[in-house]
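Notes for the one structure printed next.
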Amino acid sequence: MQCKACHTPIAANAIACPSCGVTKPKSMSSRSKKWLLTATVVAVIIIVIIPMVASLLWMQSN
Ligand SMILES: [Zn+2]
């Protein structure tokens, strides 16, 4: 396989690129996927919780 950062050929089982030190692209993509999942969960919570709290406060005020 090839390093995506510097295009140096590196071993498939290499943890990091020996040339530039960039970690394996696979671990980076899984990390960004986790970030995307976390961002989606946070967005859903904000979209669901804020109207719920707002309606509860509105009901209490009436
Ligand atoms: Zn590299």
List M59, M1, ordered by accessible area with a 1.4 Å probe, largest first = M59, M1
Sequence of S61, S55 when ordered by accessible area, the most exposed leading, probe 1.4 angstrom = S61, S55
Apply the Karplus parameterisation 6.51 cos²θ - 1.76 cosθ + 1.60, with θ equal to phi minus 60°, to every residue of segment 10-20 and state each ³J(HN,Hα) to the nearest whole Hz, in sequence, with x for glycine and proline.
-> 10, 5, 5, 8, 5, 6, 9, 5, x, 7, 10
Pull up all non-local amide H partners of V22: gap of 5 or more, or a different chain, and H-to-H distance under 5 Å with H placed in the peptide plane.
-> C17
With bins of 10 Å, the percent of all Cα-Cα pairs of the chain per bin from 0 is 20, 25, 17, 14, 12, 9, 3
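The values are calculated or read from the model by the stated rules, or taken from the named source; none is laboratory data. In this text, all values refer to a predicted model and were calculated from it rather than measured experimentally. Just so you know, the surface numbers come from the protein's heavy atoms only, side chains and all, with ligands and any DNA or RNA stripped out. Shrake-Rupley method; radii C 1.70, N 1.55, O 1.52, S 1.80 Å.
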